[in-house]
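See structure below.
The values are calculated or read from the model by the stated rules, or taken from the named source; none is laboratory data. Just so we're clear, the structure is a prediction, and the values are computed from it rather than from any experiment. Cβ coordinates were reconstructed from backbone atoms using ideal geometry, including for glycine residues, and neighbour counts include every protein chain displayed.
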Amino acid sequence: MKDKKVKINNLNLNYLIFSIFLVMIFFSGMFIFGCTYNNENNTYAKFIDSISKQYNLTAYNITYDVNDDGLEYNLNIIKYESDWRVGYEYPFAKIAFYSINSTPYACAEREGKRYCSDISSANFSDKGYHLAESQIVFGKDIDYTIKLYDTLNNHSALSIKQVDSGNIINRPVNCFELELDYSKLSTNELNKLGIPPTSNLVMLYKNITQKLCYDNETGILLSTNFSYMYNGHMFDISKKATSFSTQPFQNSIKIDKELEHYNVLKPVYNDITNDWVTYYRCSFENDTDTCLRDKSFENKNSKFCKLIKDTHKRNSCYTRAISYDNNPSLCENIEDSQNDRDSCYYLYVYYFGNKSYCKEIINDTIRNDCENLEITPAQPHKSECSVDADCGVKGKFGEFCVPINKTITIDEKKPWKKIYGCYNKTTCGCIDGECRWTPTDDFVDCIDTVENEEILKILNTKHNNQTNVTANQSTNQTSG
């Protein structure tokens with residue numbers, strides 16, 4: 001049992017961890033709606049003309065390949081009259097948000113668990129965000145957008161120019177480059193626009209640039225390349241359409257699973273949020289691949305293995321994963337090393353007792369050892385709890401939520417961490433057969449604040465290290 005089993009899901013944390021993703025959608029969508037620029041009028045007119053056509057569309061279905069600062073995933077948006085679906089297929093999970101007859105729904109699937117819920121009364125944060133996103137995607141807030149860009153333009157915080165265009169998925173496009181800087185707006189103007197003057201958008205996002213390409217016929221965004229500086233780290237995002245149709249079927253927007261209460265969906269969604277947190281934390285480490293390999297094992301999530309670029313470490317990740325994931329097909333993902341693949345199948349037989357997979361081993365010695373293994377029949381998985389009373393709080397600082405019969409070794413030299421104080425804001429209970437901290441609002445808010453601080457420390461440390469390296473290089477060059 002790790003220090004914390006609860007998965008974090010709060011708008012502030014999502015805003016930080018999903019900043020790349022959220023800002024990409026935010027700006028991509030708002031650029032769609034229209035604005036006034038301090039460039040020549042004909043450029044502005046061409047820009048407005050190229051995108052205004054989309055408001056005549058009653059239906060479309062578009063799929064994008066997205067590279068979000070190294071994390072690749074698939075985005076699909078379907079609109080049919082007043083209904084919509086926005087679906088994300090990540091390497092580690094799938095999630096989709098719907099609006100059907102003005103009712104919001106969400107479906108999430110991760111590690112074999114898939115639930116769908118009516119989220120009209122949900123209190124977990126992303127429901128509100130994705131409803132807002134749907135307004136951006138489908139153009140329901142044009143007046144505000146025009147006001148926003150008029151303000152940006154009047155304060156020289158926005159520029160636009162038309163660039164070379166061509167074809168995307170065999171469709172002619174019009175392309176534009178934009179730059180904007182919210183820090184040039186006064187506090188009064190920001191308040192009028194409903195943008196907190198101390199928000200990350202104003203304080204930490206710098207050098208925001210984007211190239212946008214719109215379908216010449218429909219005005220739909222087919223491609224965007226987006227970059228910005230966040231607290232010293234440069235983020236790059238690209239999104240390019242792979243398919244596009246203006247004739248989706250009405251039944252393409254439907255929930256194909258019996259609905260559950262949103263509290264059933266929430267733990268799965270929280271796990272997906274935690275996966276995002278894990279990926280972006282590892283992306284700031286000096287050795288991202290090792291971090292992903294270790295987190296894959298720690299979180300018992302083999303989906304992280306495919307994100308590892310180094311072949312040896314990726315193979316090692318799959319070999320470790322076989323110890324907890326009863327899935328022999330993981331061994332098929334091992335590349336450029338027959339010995340590693342043989343070892344993977346050997347370990348699968350060792351852990352799960354199915355000797356039929358010994359025949360997959362090429363090396364004679366390893367295969368013979370596999371066939372001669374003495375297999376102990378696997379014991380059925382037992383939940384560690386069935387009711388809250390089966391769980392208890394232990395540890396030097398009360399930082400563990402574990403079965404009451406589990407012995408915890410107390411490390412008296414263990415230092416205090418700020419996050420331990422958050423456990424006083426919740427209770428330890430039985431959730432899905434595991435002892436976990438109950439995600440109360442106060443607890444989630446507390447965790448969120450601490451996580452934000454930790455991530456900012458990582459960003460600052462990396463930025464300072466890069467600055468020191470640059471300074472040392474400059475000094476050496478000067479000395480030379």
Do we find a residue being acidic (D, E) and within 27 Å of A93 (Cβ to Cβ) anywhere in segment 304-323?
yes
Determine the pairs where a residue that is within 28 Å of N326 (Cα to Cα), located within segment 84-113, has a partner that is in a strand (DSSP E or B) and of a type in the set (D, E) with Cβ atoms under 6 Å apart, the partner being 6 or more residues away or on another chain.
K94/E109
Taking segment 280-299 as the search range and keeping residues that are surrounded by fewer than 17 Cβ atoms within 10 Å (Cβ to Cβ) and not charged (D, E, K, R), which one is nearest to the chain's Cα centre (by Cα)?
F284
Which of the residues that make up segment 52-79 are over 18 Å from A241 (Cβ atoms) and touching a strand residue (DSSP E or B) at 6+ places or on another chain (Cβ under 9 Å)?
T58, D69, G70
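Yes/no per residue for (1) part of a helix (DSSP H, G or I); (2) outside the structural domain of I410 (by TED's automatic domain parsing); (3) in contact with a Ser or Thr (Cβ under 9 Å, 6 or more places away or on another chain); (4) under 30 Å from R436 (Cβ atoms):
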{"position": "Y318", "(1), (2), (3), (4)": "yes, yes, yes, yes"}
{"position": "N339", "(1), (2), (3), (4)": "yes, yes, no, no"}
{"position": "S356", "(1), (2), (3), (4)": "yes, yes, no, no"}
{"position": "V393", "(1), (2), (3), (4)": "no, no, yes, yes"}
Tell me the residue from Y345, Y351 that is at pLDDT 85 or above and hydroxyl-bearing (S, T, Y), please.
Y345
Hey, among L259, L193, L180, L221, which residue is surrounded by fewer than 19 Cβ atoms within 10 Å (Cβ to Cβ) and within 27 Å of the chain's Cα centre (by Cα)?
L259
Taking K303 and the conditions (1) modelled with pLDDT under 85; (2) not polar (S, T, N, Q); (3) not in a helix (DSSP H, G or I), which numbered condition does it fall short on, given that it satisfies the others?
(3)
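Filter segment 74-115 for residues that are acidic (D, E) and assigned to a strand (DSSP E or B); which is surrounded by the fewest Cβ atoms within 10 Å (Cβ to Cβ)? Can you show your working first?
Pass one, segment 74-115, residues acidic (D, E): 81, 83, 89, 109, 111.
So of that shortlist, the ones also assigned to a strand (DSSP E or B) come out as 83, 89, 109.
On the way: D83: 18, E89: 15, E109: 17.
Result: E89.
If you go through segment 42-58 one residue at a time, do you hit one that is in a strand (DSSP E or B) and either farther than 28 Å from S296 by Cβ or out of contact with any helix residue (DSSP H, G or I) (no Cβ under 7 Å at 6 or more places or on another chain) (or both)? Don't jump to the end; show me each part of the working.
Going residue by residue through segment 42-58, those that are in a strand (DSSP E or B) are none.
The answer is no, given that none of the residues of segment 42-58 is in a strand (DSSP E or B) and either farther than 28 Å from S296 by Cβ or out of contact with any helix residue (DSSP H, G or I) (no Cβ under 7 Å at 6 or more places or on another chain) (or both).
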Name the single residue that is surrounded by the fewest Cβ atoms within 10 Å (Cβ to Cβ) among those in segment 196-218 being under 21 Å from D69 (Cα atoms) and modelled with pLDDT of 80 or more.
N207
Does segment 224-238 contain at least one residue that is among the small types (G, A, S), at pLDDT 85 or above, under 30 Å from T58 (Cα atoms) and more than 27 Å from the chain's Cα centre (by Cα)?
no
Condition broken by E335, with the remaining ones in (1) outside any helix (DSSP H, G or I); (2) modelled with pLDDT under 85; (3) under 34 Å from the mean Cα position of the chain (by Cα) satisfied:
(2)
